[in-house]
Ligand code: MN
């Protein structure tokens with residue numbers, strides 16, 4: 001196994017509809033040209049390596065009835081993850097009002113032109129009348145602003161790599177959003193007792209984000225684990241042996257072999273339970289493991305690697321966000337994992353953060369072949385759990401967290417540089433990653449703490465700030481970014497201003 005890679009959730013299952021606005025003023029020949037050009041752009045975007053979803057050409061919109069019907073079809077089609085709109089010519093925007101007001105899918109306004117260059121020597125009024133996005137898209141943008149629609153505006157020539165990259169980031173966010181609608185997160189047990197940030201309003205989350213979170217008795221999971229056959233366990237332990245460096249005590253005949261067998265039983269039982277529940281993520285807690293021999297370690301790790309969201313200690317918001325990360329990161333270099341800011345290196349001039357968890361870090365972020373080990377947990381009073389231990393490749397990454405701050409949810413993002421440990425960590429029995437925050441550890445940690453940022457996060461070297469900004473825009477969730485430009489003074493102002501904005505907007509703008 002070489003470098004880290006995100007699991008493959010098939011993003012081609014999602015369609016983004018490419019919708020072109022025009023009108024009948026220019027005659028049928030011009031409309032045919034508009035349709036042909038739009039078809040060409042849609043096909044090019046669909047084939048672009050930076051755009052992982054299917055971009056589907058839709059007939060040109062020339063009337064209010066067209067616009068309304070299109071938006072209603074988009075809402076009704078579960079495969080449709082969003083619309084890209086563009087006005088090749090002028091398209092009077094009052095005809096879009098009834099449709100756009102009803103649209104419940106993510107929206108990207110592509111401000112482009114079929115012809116890159118002005119044909120200086122040949123330009124005439126026919127060219128001018130056909131290539132009018134410069135003013136047609138302004139009319140189109142006005143109605144979206146007038147309707148207070150959340151959307152992404154991408155400007156530039158449709159063949160440019162930067163333009164396709166910006167569209168691609170948004171399609172990943174739109175796919176993750178589509179995946180959240182109707183998604184199920186299973187909670188085994190409740191929240192870790194007395195912990196605040198992992199709590200939250202599950203009804204409000206379902207209203208805003210579309211996923212549901214429900215509790216299951218750990219006894220039901222235990223029953224599923226007890227039904228795992230020896231044959232399934234043998235298959236899994238064989239898989240472990242081929243994929244990981246297995247500690248001698250866990251090998252066949254080793255003193256702790258029974259722990260490995262038990263870990264495999266737990267993984268298979270957990271997987272069967274989640275499959276039967278049609279769940280995309282889960283949480284557990286070390287305080288509620290009655291009937292489980294170990295806290296799930298390698299099982300939680302490998303389920304994450306297969307695309308499941310996970311949150312420890314009942315943290316359902318992070319479990320859902322890890323799942324969204326998995327969709328956004330699909331097929332990209334670099335993985336995505338549940339993470340926790342664990343401990344600091346506070347030496348002046350070289351401050352860093354060591355991120356880890358008790359067990360549950362996803363091997364999609366591993367550098368090299370993970371080591372399969374068994375060690376005591378120190379809390380929870382159960383048998384020693386089996387876990388994968390590894391480091392993470394160096395390079396840029398980010399942490400993000402979703403909190404319930406009472407009257408709203410808040411998405412908080414901090415860009416980091418993974419630098420690795422100063423020295424090897426031979427005694428640390430958990431997977432870990434060591435990073436330096438942007439703009440620096442002191443500013444980032446202060447900003448994070450002023451924003452009420454959780455200790456649990458999603459970490460990724462594949463998901464980008466742009467994808468998360470797009471995701472936040474689609475979700476309509478407050479989104480705060482701590483990056484190399486962050487000034488603590490300005491960040492605190494943004495926090496104060498947002499209290500006013502979100503307080504008023506929830507009352508006055510529907
Ligand atoms: Mn934790």
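Every read-out reported here was derived from the displayed coordinates using simple, explicitly stated rules and does not represent laboratory data. A quick note: this is a predicted structure, and the numbers were derived from the prediction, not measured. All Cβ positions, glycine included, derive from the backbone under ideal geometry; neighbour counts span all protein chains shown.
Of note:
- Strands (runs of 3 or more DSSP E) lying entirely in the stretch 418-510 (those with 3 or more residues that are more than 25 Å from residue 390 (Cα to Cα) and more than 16 Å from the ligand (Cβ to nearest atom)): 478-482
- On inspection, residue 244 does not qualify as at negative phi, within 16 Å of the ligand (Cβ to nearest atom) and more than 16 Å from the chain's Cα centre (by Cα).
- Residue 377 vs. criteria within 16 Å of the ligand (Cβ to nearest atom), farther than 17 Å from residue 418 by Cα, more than 29 Å from the chain's Cα centre (by Cα) and assigned to a loop (DSSP other than H, G, I, E, B): yes
- Of the residues making up the stretch 282-301, those that are more than 13 Å from the ligand (Cβ to nearest atom) and under 20 Å from residue 183 (Cβ atoms) number 1.
- One residue from 177, 158, 170 being over 21 Å from the mean Cα position of the chain (by Cα) and either in a loop (DSSP other than H, G, I, E, B) or over 25 Å from residue 25 (Cβ atoms) (or both): 158
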